[in-house]
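Okay, structure first, notes after.
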Amino acid sequence: MGHHQNNLRILMEMRPALDGFYGIPQETRLLYGVLAGLPDVELSGLL
C-alpha cells in the first residue's frame, strides 16, 4: 500500500506470534486481516 498523507498509520504488536509453538493466534490474524483490508489504513506489524 502506498503512503498517502491522509492514511491512518497503525503499528500492530505482533509479539503473540512468538509465544508458544502455534504461531500467530487466531484473534491476531483476524484483527490484522480486518485492519489491512481498510482502504485508508497503512498497517505494519512489530515483532
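The values are calculated or read from the model by the stated rules, or taken from the named source; none is laboratory data. Every value quoted in this text rests on a predicted model; they were computed, and no experiment measured them. Neighbour counts are summed over all protein chains in view; Cβ atoms, including those assigned to glycine, are modelled from backbone coordinates with ideal geometry.
Numbers for the structure displayed
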| read-out | value |
| --- | --- |
| Count of residues meeting criterion [of a type in the set (Gly, Ala, Ser), in a helix (DSSP H, G or I) and either surrounded by 14 or more Cβ atoms within 10 Å (Cβ to Cβ) or touching a residue at least 24 places away in the same chain (Cβ under 8 Å) (or both)] in segment 22-47 | 1 |
| Segment 9-21 residues that are modelled with pLDDT of 70 or more, paired with ones that are part of a strand (DSSP E or B) and of a type in the set (Asp, Glu) (beta carbon under 6 Å, 6 or more apart) | Arg9/Glu42 |
